[in-house]
Amino acid sequence: MKKPLFFLLFLIVSLMVGAQPQDYEWTTPSKNSSESMPCGGGDIGMNVWTENGDVLFYLSRSGSFDENNTLLKAGRFRISLSPNIDMSQFRQILHLNEGYVEVTDGVISIQLWADVEKPVVHVDMESKREKLNVAVTYESWRTSDIIQTKREAFQSSYKFAAPKGLRTRHDSIVAADRALTFMHCNGKQTIFDATVAQQKMDAVKHKLYNPLKNLVFGGRMQGEGFVLIDNLTGHYASSDYQGWIYVTESPRKKAHLQIAMNNRQGSVDEWLAGLTTLEGKVRHDWDRRNSRRWWQQFWQRSYVSAAGDAELLTRNYTLFRYMLGCNARGQWPTKFNGGLFTFDPEYVNTADEYKLSPDFRNWGGGVHTAQNQRLVYWPMLKNGDFDLLKVQLDFYLHIYKNAEERSRLYWGHEGACLTEQIENYGLPCYPEYGTKRPDGFDPGMERNAWLEYEWDTCLEFCMMALTARRYFPVDISPYIPMVYSCLLFFDEHYQYLANQRGAKRLDENGKLVLYPGSGGETFKGAYNSTSTIAALRSVTQALIDYENGTGRNNQVDVDYLRGLLTRLPDITIRDGMIQPALHWERVQNTEPTQLYPVFPWRMYGVGRPDIDVARNTYLNDTLALKFRSHVGWKQDVIWAACLGLTDEAEALITQKMADGPYRFPAFWGPGFDWSPDHNWGGSGMIGLQEMLLQEVGTKLYLFPAWPKQWNVRFKLCASRGTTVEAEMKNGQVINVKVTPKERQQDIVLP
């Protein structure tokens with residue numbers, strides 16, 4: 001029975017304003033880089049910490065991929081003051097609302113921030129009393145080539161298949177009297193060339209997108225009144241380094257340091273010219289106001305703020321969203337295995353083999369594990385962060401043409417074959433493709449027990465694009481050919497495989513036979529994998545809806561898509577539970593993909609038909625129970641929330657969004673990957689959102705899995721350009737505001 005409209009209007013008792021995030025603060029210095037605080041903006045990340053009286057920070061920029069596809073840091077910067085900060089009055093503050101970090105004792109202040117529009121870092125230093133002598137040291141551990149150990153190779157795309165003698169090439173560092181320039185130059189030959197040769201794609205190499213060739217990245221550090229006085233050698237954590245010290249020529253009450261960064265494919269001269277042009281565009285005061293204004297507006301898009309038992313969970317949600325916001329303007333997505341905020345690896349794993357340089361992260365820098373990446377980006381819809389989401393969608397837009405070339409070359413059909421471990425140039429990762437391949441093995445296949453036949457993860461990013469147009473006033477037409485190509489691959493390839501086995505391309509009912517297939521990395525050799533069927537059904541229907549909704553019907557063949565829907569097999573239901581597939585050969589990993597129809601594909605859940613089938617699967621399937629966890633990329637909290645299982649969701653989110661093991665509470669992990677574990681944070685963020693708001697058709701379900709004893713207020717986004725603001729206090733919904741107002745009638749109360 002529908003609740004009377006006047007009752008809903010009664011609930012709208014006040015205009016809820018955006019919740020300005022609270023500053024996050026430390027009152028004691030740190031011991032090492034693992035106790036660092038994130039800071040950034042645009043596409044820049046810094047780990048900031050205070051150690052032995054010095055303020056230090058690692059500097060990272062999205063897209064700084066070397067010849068081995070390692071995501072290299074720009075270096076470490078050390079700030080020393082005389083007189084120094086009074087450590088008895090020490091405060092290190094992350095000013096979330098304005099996106100900067102401050103180290104202060106109330107008299108002396110050091111503020112670090114990144115320009116959100118330009119890749120420039122600023123360090124502003126000021127004393128209210130005595131004048132300061134400032135020394136800034138640039139520290140580099142890449143002044144000579146580094147021969148990688150077996151473990152160290154996991155930071156690159158070679159990972160466990162690294163050739164003997166693999167090395168990280170040195171940087172070029174020019175320390176002039178008043179500025180220091182640092183750069184890394186890839187040259188013409190990179191792992192891209194090794195991958196193309198390995199995968200027998202030389203015939204089409206000239207057609208392939210290659211983001212690594214002749215890539216130059218780095219930057220220049222300078223500040224008014226700073227001059228070079230010395231260089232030195234030292235040792236931090238497990239890395240030797242060389243340092244160059246710049247000091248203020250005379251004491252001053254205010255000092256400013258600037259680090260401008262440039263990434264460019266081309267010559268060093270072109271890179272230098274671009275860097276100089278960038279420096280000419282810096283307007284310090286205006287840039288600072290603009291960047292702080294951007295962060296203020298960022299926090300007005302959405303928020304979740306709880307009190308009491310859930311306060312810590314929503315604080316960590318907010319801190320993690322800040323970390324994601326630091327790569328809003330990047331060309332490359334935020335990596336699931338640490339993003340821009342990795343630190344010295346020996347503080348993640350104490351084994352001797354991890355005593356490596358600060359560049360290390362497990363599972364590569366340029367290679368993307370799609371099942372992990374998706375969890376970082378799904379929550380951006382409800383957060384209202386399309387600018388962040390666009391970076392990930394553009395990643396696939398750049399590479400899908402290379403994946404189409406794979407299909408044509410290997411199998412002679414159309415469609416983009418985008419694999420699970422996908423390089424930033426659209427080919428399978430070098431080691432997972434396999435270096436020991438039997439004669440006659442299909443050259444289009446990965447020779448890897450976890451990844452074989454796993455091609456459907458790309459469909460989640462297709463769905464993100466199709467869903468984004470319902471949330472935001474954006475043009476998604478550039479992504480439509482990519483979406484169509486991904487669907488086309490499955491139709492063409494599984495008919496191709498059936499034709500290879502016999503005379504018929506479809507089964508006796510006119511359906512595709514999705515064999516061999518895969519249910520994530522877990523259910524291998526799958527026959528009609530549930531996760532693949534759910535993905536194909538959902539994306540195909542969403543693409544049809546998009547084309548019909550635009551009134552154009554000129555980007556894709558809608559009649560073909562309708563035919564594809566009729567060819568897709570049904571999901572297997574057995575014993576009242578969703579099955580991972582009709583059959584499968586073995587279980588390889590620990591993810592219950594039988595629950596993918598709940599999330600991400602939303603075929604079952606609150607307000608949807610047959611919810612009991614999905615709940616029965618969640619509560620009683622033996623493998624779903626065996627695999628249940630809150631760690632890393634585990635999605636159990638999301639499924640519990642989507643199914644309205646409040647007690648389950650409460651228990652799991654309490655573990656998921658609790659403080660991580662490092663000083664900064666949103667540095668989770670390493671989980672199954674690395675620290676800070678971004679797919680840990682992303683999956684927790686999705687779970688929390690689903691506990692607060694779910695959308696089914698035109699209906700907006702408030703607090704469908706939220707514990708009544710947790711007081712909370714939130715603002716989240718929904719389709720049709722809708723925002724929902726609501727508050728629960730002492731088990732009662734006391735405020736609801738929906739924009740636009742006509743969608744107030746769509747609210748369904750708990």
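The values are calculated or read from the model by the stated rules, or taken from the named source; none is laboratory data. Here the structure is a predicted model, which means the values were calculated and not measured. Don't worry about glycine lacking a Cβ; one is built from the backbone with ideal geometry, like all the others, and counts go over all protein chains shown. Surface accessibility is based on the protein's heavy atoms, side chains included, excluding ligands, DNA and RNA. Shrake-Rupley method; radii C 1.70, N 1.55, O 1.52, S 1.80 Å.
General observations
- Helical contribution to [θ] at 222 nm, DSSP H n ≥ 4, -39,500 (n - 2.57), averaged over the chain, rounded to 500: -9000 deg cm²/dmol
- Approximate spin-label separation N735-E508, in nm, with each point projected 7 Å along Cα-to-Cβ: 6.3
- For R663, R447, R289, the ranking by accessible surface with the largest value first comes to R289, R447, R663, using a 1.4 Å probe.
- Too-long pairs where the Cα-Cα distance tops 18 Å, listed order kept, from K634/K708; K335/K390; K128/K253; K715/K741: K634/K708
- Working note: Karplus 6.51/-1.76/1.60 with θ = phi - 60° gives region 577-585 the couplings 9, 6, 9, x, 6, 5, 8, 8, 8 Hz, where Gly and Pro are set to x.
- Farthest toward positive dipole pole in the chain [+1 Lys/Arg, -1 Asp/Glu at C-beta], among G415, A351, Q189: G415
- Placing +1 on the Cβ of every Lys and Arg and -1 on the Cβ of every Asp and Glu, with no other charges, gives region 504-565 a dipole of roughly 140 debye about its Cα centre.
- The stretch between K699 and Q189 holds 178.2 nm of extra length on full extension. This uses 0.36 nm per residue minus the Cα-Cα distance.
- Cα-centre dipole for region 255-396 with unit charges at Cβ (Lys and Arg positive, Asp and Glu negative), debye to 20: 680
- Placing dummy labels 7 Å off each Cα toward the beta-carbon, the span from K31 to S88 is 2.5 nm.
- Entry note, the chain: relative contact order of 13 percent, from Cα contacts under 8 Å with a spacing of 6+ residues.
- The K164 and K708 beta-carbon pair, evaluated with R₀ = 51 Å, returns a calculated FRET efficiency of approximately 0.25.
- Computed FRET value (nearest 0.05) for Q297 with R264, which takes r as the C-beta separation and R₀ as 22 Å: 0.15
- The angle between the Cα long axis of helix 611-620 and the main principal axis of the chain comes to about 70°, on a 0 to 90 degree scale.
- Note on region 103-170: with charges restricted to the Cβ of Lys and Arg (+1) and Asp and Glu (-1), its dipole about the Cα centre is near 580 debye.
- Candidates per trypsin sites (Lys or Arg not before Pro) in region 162-271, loop by DSSP, up to 14 other Cβ within 10 Å: K164, R178, K188, K200, K253
- In plain terms, the chain is cut at each of the chymotrypsin sites (Phe, Trp or Tyr not before Pro) found in a DSSP loop with at most 15 other Cβ atoms within 10 Å, and the longest leftover piece is 442-750.
- Amide H contacts of A74 (H built 1.01 Å from N, in plane; Pro and chain starts excluded): L59, S60, R61 sit under 5 Å, all sequence-distant by 5 or more or on other chains.
- Rounded to 10°, Cα long-axis angle of helix 678-692 versus longest principal axis of the chain: 60
- Neighbour net charge for G106 - beta-carbon separation under 14 angstrom, K R +1, D E -1: -3
- Phi angles of region 643-652 translate, via the Karplus equation with coefficients 6.51, -1.76, 1.60 and θ = phi - 60°, into HN-Hα couplings of 8, x, 8, 4, 4, 5, 4, 4, 5, 6 Hz per residue; Gly and Pro are given as x.
- For H583, the residues 5 or more places off, or on other chains, whose built amide H falls under 5 Å of its own are Y527.
- Long-range amide H partners of I578 with built H, under 5 Å: T617
- Distance between the modelled labels on V204 and R574, one decimal in nanometres: 3.7 nm (7 Å Cα→Cβ projection).
- For region 723-737, Karplus couplings with θ = phi - 60° (6.51, -1.76, 1.60), whole Hz, Gly/Pro x: 10, 10, 10, 8, 9, 10, 9, 6, x, 10, 7, 10, 9, 9, 9
- Only Cα pairs under 8 Å and 6+ residues apart enter the sum, and on that basis the relative contact order of region 524-638 stands at 29 percent.
- Dipole of region 682-734, positive end: most advanced residue of S683, M728, A705 [Cβ charges, Cα centre]: M728
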